[in-house]
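Right, one structure below, let's go through it.
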Amino acid sequence: EHGITRPKGHKVSFHYNSRVEDMHFGKTHPMKPWRLTLTKHLVLGYGLQYAMDTYEAVAAGKDQVRAFHDPDYVDFLAEVSPDTFPALCEVERYAAHIPERTPQDTVDLGPFNLSTSPGADCPVFDGMSTYLFLYTGATLAATNQLVTGQSDVAINWSGGLHHAHKSEASGFCYINDIVLSIIDMLRVYPRVLYIDIDVHHGDGVEEAFQRQPRVMTLSYHRYGPYDETGHRFFPGSGHLNDVGLKGTVGEHFALNVPIASGIDDRQYTTLFQSVTGRAIEAFKPSAIVLQCGADSLGGDRLGQFNLNIKAHGECVAFVKKTRLPLLILGGGGYTARNVARAWCHETALTTDNTLPEKIPLDIIPRPEAFSRKSHGNGLLFPPFPRTHPNDCKDIDLEFMIKKLDH
Ligand code: VJV
Ligand code: CA
Ligand code: ZN
C-alpha cells in the first residue's frame, strides 16, 4: 500500500544510527541533529526502507580516524566532554594546540579550536564523542558497501562534515568523515570525484587532497567580498582561481565555483550540469562522493541561495545518471523541515521512486513539523520564499568552463 519498489539494476544502502539524535550543540546553536530525526520520520513514513538495505551504524574506531587526523586530536576527541575539558586543556600535548587569540575571536578557544563558550562554532557538548564517532562510522560502513561491490549507492545523511582539518575542528565539523571515506576508496578506485553542493566551501576536503591528482574536488558555494562587518561568508576560501596546490601534481585537481547570493533554480542547474558534466568528462572518475548540504536551499537559516528542493534533487539525479559507485552524504542544512524534505526526496530518487506530494502526516510521529500552512504541507511544494536578492546577474559560464581545460 506504500507503493514503494526496490530499484531495478542497482542496490542502495542506507546507514544511520538514531543515537545521533540525542546530541545537542547548545540551545540556540544552528546545527540541530533534530533535522536527522525529521528526515528519518519522512523516509520511514513514505516506506523508503523497503527500497533499500538499511544498516544500523556502529562507531568508528580511533585507529580508523587516525588515517587522516592527528593522533593527539583523535585522543582528545575520544576523551572530551564538558566535564573533562578543563583538565584536558592542561595536558601538555593538548595545550600545545591552543590557538593564539585574535581580535575577531568572540569566544575563548581551547585546543583544536574547541570551546565550551556558548557562542562557539565547535562547542564541546555532552555525548559529543559518541556523536562524532557514530557519524564517521556510518560513512565508513557506507564506503565499505561500495568498495566491496555490495551496493551501488550508499547514503549517510548524518555525515558530510567537510570543514574539519587534520588537527582542528572548524565550522561545526570535528571529524572529516569525507576525507576518511576517500582514503578508503583510493585503495580500490584509481580516481575519486568529490562534489559539494553545500552553500559553504568544502575547504577541509580540498586541503586534504590538494597534492593528490587521483582526487578531484569540486565545490559550489557562496563566495563574495568582505561585508560591512569585515567578514567573508564562511570559510572565506574557494576562489575560482584556487585549483589545487601550485607546483605539485595535485595542481588543477581542485575546482571551485564561487557564487553570489540569491542564485535561483535555473541558474544553478545550468551551472551545475555544465561544470560537473565537463569535470566528469575530463577526469573520468571511478567513483563519486556527493556532499548534499541542504543549506543551499532557499529559506535556510544560514544559507543565501534560493534553490528549491526540486533543483537540489536534480543535482543528485544528474550525478546518479553516471551509474558510477556513489556515496551520498549530508552536511549543512539549518531549516530542519526543509532539510528533511530534501533528503527524503533525494533518498527516493536514488531508489527510482517518485513520492506522493502529500506528506503522510497520519503516519509520521511529529506531523506538526510539516503541517503549518505557512510552511506548506507538501514534500516539494510550495517554492520557498526568495529570501535573498539575486546578485548573480549573468554568471560567466564560458570563463568557468574554460578553467576546466588543462
Ligand atoms: O562565520 C563563522 C565564524 C565566526 C566566528 C564564530 N562565531 C560564532 C560566528 C562567526 C566567523 N562561522 C560560520 C560557520 C558555518 C559552518 C557551516 C557548516 C557547514 O554547513 O558547511 C557543514 C556542516 C557560522 N555561521 C553562522 C554561525 N557560524 C553561527 C554559530 C553559532 C551561532 C549562530 C551562528 C554558534 C553558537 C550559537 N549561535 C549559539
Ligand atoms: Ca559547497
Ligand atoms: Zn554549509
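Number of residues in segment 211-232 that are away from ligand 2 (no atom under 11 Å from the Cβ) and under 18 Å from the mean Cα position of the chain (by Cα) equals 2.
Applying the set (1) away from ligand 2 (no atom under 16 Å from the Cβ); (2) over 17 Å from Ala311 (Cα atoms); (3) aromatic (Phe, Trp, Tyr) to Tyr334 leaves exactly one unmet item: (1). Restricting attention to segment 169-210, the residues that are within 11 Å of ligand 2 (Cβ to nearest atom) and either of a type outside the set (D, E, K, R) or farther than 27 Å from Asp300 by Cα (or both) add up to 8. Annotation: of all residues in segment 274-293 being farther than 11 Å from Val192 by Cα and within 16 Å of ligand 3 (Cβ to nearest atom), the one that is surrounded by the fewest Cβ atoms within 10 Å (Cβ to Cβ) is Gln291.
Look at segment 365-380: where a residue is open to solvent by 50 Å² or more (accessible area, probe 1.4 Å) and a partner is modelled with pLDDT under 90 and of a type in the set (Ser, Thr, Tyr), sitting 6+ places away or on another chain with Cβ atoms under 9 Å, you get Asn377/Ser371. Within segment 75-93, residues that are surrounded by fewer than 17 Cβ atoms within 10 Å (Cβ to Cβ) reach partners that are aromatic (Phe, Trp, Tyr) and not in a helix (DSSP H, G or I) with beta carbons closer than 7 Å, at six or more positions or on different chains, in the pairs Pro82/Phe125. Is it true that some residue in segment 228-237 is more than 15 Å from ligand 1 (Cβ to nearest atom) and closer than 28 Å to Ser274 by Cβ? Scanning segment 228-237 turns up no residue that is more than 15 Å from ligand 1 (Cβ to nearest atom) and closer than 28 Å to Ser274 by Cβ. Listed by first and then second residue, the pairs linking a residue in segment 303-319 that is open to solvent by 10 Å² or more (accessible area, probe 1.4 Å) to a residue that is among the β-branched types (Val, Ile, Thr), with Cβ atoms under 6 Å apart and 6 or more places separating them unless they lie on different chains, are Glu314/Thr269. Residue-level analysis places Ala67 among those that are farther than 18 Å from Phe25 by Cα, at pLDDT 95 or above, open to solvent by 50 Å² or more (accessible area, probe 1.4 Å) and not in a helix (DSSP H, G or I). Tallying residues that are of a type in the set (A, V, I, L, M, F, W, C), open to solvent by 30 Å² or more (accessible area, probe 1.4 Å) and in a loop (DSSP other than H, G, I, E, B) within segment 105-144 yields 1. Criterion applied to Tyr73, Tyr55, Tyr46 was being within 22 Å of the chain's Cα centre (by Cα), over 21 Å from Val205 (Cβ atoms) and of a type in the set (Phe, Trp, Tyr), and the one residue passing it is Tyr55.
For Leu290, the conditions (1) within 23 Å of Arg232 (Cα to Cα); (2) assigned to a strand (DSSP E or B); (3) under 16 Å from the mean Cα position of the chain (by Cα) all hold with the exception of (1).
In segment 1-26, the residues that are without any contact (Cβ under 8 Å) to a residue 40 or more places away in the chain reach residues that are open to solvent by 20 Å² or more (accessible area, probe 1.4 Å) and outside any loop (DSSP other than H, G, I, E, B) with C-beta atoms within less than 9 angstrom, at least six apart or across chains, in these pairs: Ser18/Lys40; Ser18/Glu56; Glu21/Trp34; Glu21/Lys40.
The requirement of being open to solvent by less than 40 Å² (accessible area, probe 1.4 Å) and either part of a loop (DSSP other than H, G, I, E, B) or touching a residue at least 24 places away in the same chain (Cβ under 8 Å) (or both) is fulfilled nowhere in segment 94-104; no residue meets it.
Taking the criterion of being buried (at least 24 other Cβ atoms within 10 Å of the Cβ) and more than 9 Å from ligand 1 (Cβ to nearest atom), the residues of segment 155-178 that qualify are Ile155, Asn156, Trp157, Ser158, Gly159, Ala164, Ala169, Tyr174, Ile175, Asn176, Asp177, Ile178. Condition (residue is open to solvent by 10 Å² or more (accessible area, probe 1.4 Å) and among the β-branched types (Val, Ile, Thr)) applied to segment 326-337: is it met by at least one residue? Within segment 326-337, one or more residues are open to solvent by 10 Å² or more (accessible area, probe 1.4 Å) and among the β-branched types (Val, Ile, Thr).
The values are calculated or read from the model by the stated rules, or taken from the named source; none is laboratory data. For clarity, every value in this text was computed on a predicted model and none was experimentally measured. Please note: Cβ atoms are built from the backbone with ideal geometry, for glycine as well, and neighbour counts cover all protein chains shown. Note: accessible area is taken over every heavy atom of the protein model, side chains too, but ligands, DNA and RNA are not part of it. Shrake-Rupley method; radii C 1.70, N 1.55, O 1.52, S 1.80 Å.
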